[in-house]
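If you scroll down you'll find the structure; I have some questions about it.
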Amino acid sequence: MNTRSKVIAIIAEQAILEPKDVTDDSTLESLGIDSLGLVESIFAIEEAFDISIPFNANDPTGGDFDISCVASIIAGIETLLSKQS
């Protein structure tokens, strides 16, 4: 499973949706994911990819990690993974 598929699966699970209902342009808010769901999604992604995401739950839109849409989350994870290897 590639990075994109894995991230979409995790986000879909948090949103209680089918992965096919999650698009690159989807925002977490549009998928019905609240702040607690966002934190749970970040933890699940960190665990799935064995990475640490620079994310502050008290200021989700601040910081270097862009969570504005699914595509930006995937891009951020791919950047973190490339720095790791």
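Can you tell me how many residues within segment 56-69 are modelled with pLDDT under 80 and either surrounded by 15 or more Cβ atoms within 10 Å (Cβ to Cβ) or at positive phi (or both)? Lay out the reasoning, then the answer.
Keep residues of segment 56-69 that are modelled with pLDDT under 80, which gives 56-64.
So of that shortlist, the ones also either surrounded by 15 or more Cβ atoms within 10 Å (Cβ to Cβ) or at positive phi (or both) come out as 60, 63.
The qualifying residues number 2.
What do you reckon, is Thr3 touching a residue at least 60 places away in the same chain (Cβ under 8 Å), surrounded by fewer than 16 Cβ atoms within 10 Å (Cβ to Cβ) and either in contact with a His (Cβ under 8 Å, 6 or more places away or on another chain) or among the β-branched types (Val, Ile, Thr) (or both)?
Details: touching a residue at least 60 places away in the same chain (Cβ under 8 Å): yes; surrounded by fewer than 16 Cβ atoms within 10 Å (Cβ to Cβ): yes; either in contact with a His (Cβ under 8 Å, 6 or more places away or on another chain) or among the β-branched types (Val, Ile, Thr) (or both): yes.
For Thr3, the condition - touching a residue at least 60 places away in the same chain (Cβ under 8 Å), surrounded by fewer than 16 Cβ atoms within 10 Å (Cβ to Cβ) and either in contact with a His (Cβ under 8 Å, 6 or more places away or on another chain) or among the β-branched types (Val, Ile, Thr) (or both) - is met.
Do we have Asp34 as modelled with pLDDT under 95, out of contact with any Lys or Arg (no Cβ under 6 Å at 6 or more places or on another chain) and among the charged types (D, E, K, R) here?
On the way: modelled with pLDDT under 95: yes; out of contact with any Lys or Arg (no Cβ under 6 Å at 6 or more places or on another chain): yes; among the charged types (D, E, K, R): yes.
Against the criterion (modelled with pLDDT under 95, out of contact with any Lys or Arg (no Cβ under 6 Å at 6 or more places or on another chain) and among the charged types (D, E, K, R)), Asp34 qualifies.
Anything in segment 26-53 that is of a type in the set (A, V, I, L, M) and either over 19 Å from Ser5 (Cα atoms) or exposed (fewer than 13 other Cβ atoms within 10 Å of the Cβ) (or both)? List them, or say none. Please lay out each step first, then the result.
Filtering segment 26-53 for residues of a type in the set (A, V, I, L, M) gives 28, 31, 33, 36, 38-39, 42, 44-45, 48, 51, 53.
Listed by number, the residues that qualify are Leu36, Val39.
The values are calculated or read from the model by the stated rules, or taken from the named source; none is laboratory data. As the structure is a prediction and not an experimental result, all values here were calculated from the model. Don't worry about glycine lacking a Cβ; one is built from the backbone with ideal geometry, like all the others, and counts go over all protein chains shown.
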